[in-house]
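Q: This is the structure, below, for whatever I ask next.
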Ligand code: PGA
């Protein structure tokens, strides 16, 4: 059985002190669980050095919320894969909907980041998901498939074991998000799995995790769905105790699924 894959992106919220406290607490509260879960946290850039020092045993995987694909150059304000390697990061989050919507990132740019992240031995966590408009026009699957096919274009099958996909419908994310219907999530995950299978026929399982208004109430049901391989949580995971409550609730659901 694969370990339960569960994590959070702290977005632009916690600074060094808060992130350190959060990680210390999460580390302590999950010590007994850590051989049953793959737990990851993706904090702000400015906290990463301290975060790595605190989680020095690797029990919680740490990631960066973005990365420039080039190793160095005239790219003022950007952070390179070499810099993130130096910080000991495990994961690069690529194409979160807030990056695509607010910073106009394109699939071509996400693709360059995926290839660069893999070349530098990170886990590339590619986020995909349709907008409300695409959902309403009935083109969610088309939109997601384009993001996956372009985002993973040129990925060497030998590197695919370092790719994770997060399906996060844009309309379900954040304060104004609408919690999604399980049937809808299940259908989209199936689409994603089929597309991945077509792209990488020899690969058994590329994890596809779900994110978007996951909370205490809906986490178990979402995780119990076919083809949902884990959860990617925002707001409901930013209090370590609440996060661990969710983990404890969903773990039996996950383990039962693979009995
Ligand atoms: P949310 O965020 O759980 O607060 O909706 C999810 C995300 O942005 O990954």
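The values are calculated or read from the model by the stated rules, or taken from the named source; none is laboratory data. Quantities reported herein were computed from a predicted structural model and do not represent experimental measurements. Cβ coordinates were reconstructed from backbone atoms using ideal geometry, including for glycine residues, and neighbour counts include every protein chain displayed.
Q: Are any of the residues in the range 96-114 away from the ligand (no atom under 16 Å from the Cβ), without any contact (Cβ under 8 Å) to a residue 60 or more places away in the chain and more than 30 Å from residue 72 (Cα to Cα)? Before the answer, list the steps.
A: Of the residues in the range 96-114, the ones away from the ligand (no atom under 16 Å from the Cβ) are 104, 106-109, 111-114.
With the extra rule that they be without any contact (Cβ under 8 Å) to a residue 60 or more places away in the chain, the set shrinks to 104, 106-109, 111-114.
Imposing the further condition that a residue be more than 30 Å from residue 72 (Cα to Cα) reduces the set to none.
For the range 96-114, residues away from the ligand (no atom under 16 Å from the Cβ), without any contact (Cβ under 8 Å) to a residue 60 or more places away in the chain and more than 30 Å from residue 72 (Cα to Cα): absent.
Q: Can you tell me which residue within the range 1-30, out of those that are modelled with pLDDT of 95 or more and assigned to a loop (DSSP other than H, G, I, E, B), is nearest to the ligand (Cβ to nearest atom)?
A: 11
Q: Follow-up question, since we're still on this one. May I ask you to verify whether residue 35 is under 15 Å from residue 123 (Cβ atoms), at pLDDT below 95 and surrounded by fewer than 20 Cβ atoms within 10 Å (Cβ to Cβ)? Break it down stepwise before answering.
A: Details: under 15 Å from residue 123 (Cβ atoms): no; at pLDDT below 95: yes; surrounded by fewer than 20 Cβ atoms within 10 Å (Cβ to Cβ): yes.
No: the conditions fail for residue 35.
Q: Given the conditions (1) in a helix (DSSP H, G or I); (2) within 28 Å of residue 202 (Cβ to Cβ), which single one is not true for residue 135?
A: Single failed check for residue 135: (2).
Q: Yes or no: residue 88 in contact with a strand residue (DSSP E or B) (Cβ under 9 Å, 6 or more places away or on another chain) and surrounded by fewer than 17 Cβ atoms within 10 Å (Cβ to Cβ)? Can you show your working first?
A: Values: in contact with a strand residue (DSSP E or B) (Cβ under 9 Å, 6 or more places away or on another chain): yes; surrounded by fewer than 17 Cβ atoms within 10 Å (Cβ to Cβ): yes.
It is true that residue 88 is in contact with a strand residue (DSSP E or B) (Cβ under 9 Å, 6 or more places away or on another chain) and surrounded by fewer than 17 Cβ atoms within 10 Å (Cβ to Cβ).
Q: Let me ask you something else. State all residues of the range 206-218 that are under 16 Å from residue 38 (Cβ atoms) and either near the ligand (Cβ under 9 Å from one of its atoms) or not in a strand (DSSP E or B) (or both); if no residue qualifies, say none. Reasoning before the result, please.
A: Narrowing the range 206-218 to residues under 16 Å from residue 38 (Cβ atoms): 206-211.
Across the range 206-218, the qualifying residues are 206, 207, 211.
Q: Also, quick follow-up: Take the residues in the range 219-246 that are within 16 Å of the chain's Cα centre (by Cα) and away from the ligand (no atom under 15 Å from the Cβ), then tell me which one is surrounded by the fewest Cβ atoms within 10 Å (Cβ to Cβ). Reasoning before the result, please.
A: Narrowing the range 219-246 to residues within 16 Å of the chain's Cα centre (by Cα): 219, 222-223, 227-238, 243.
From what is left, the residues that are away from the ligand (no atom under 15 Å from the Cβ) are 227, 229.
Working: 227: 17, 229: 21.
Filtering the range 219-246 for residues that are within 16 Å of the chain's Cα centre (by Cα) and away from the ligand (no atom under 15 Å from the Cβ), the one surrounded by the fewest Cβ atoms within 10 Å (Cβ to Cβ) comes out as 227.
Q: In the set 171, 164, which member is part of a helix (DSSP H, G or I) and either crowded, with 22+ Cβ neighbours inside 10 Å or within 16 Å of the ligand (Cβ to nearest atom) (or both)? Even if it seems obvious, please write down each step before you answer.
A: Working: 164 fails: part of a helix (DSSP H, G or I).
Checking each option against the conditions leaves just 171.
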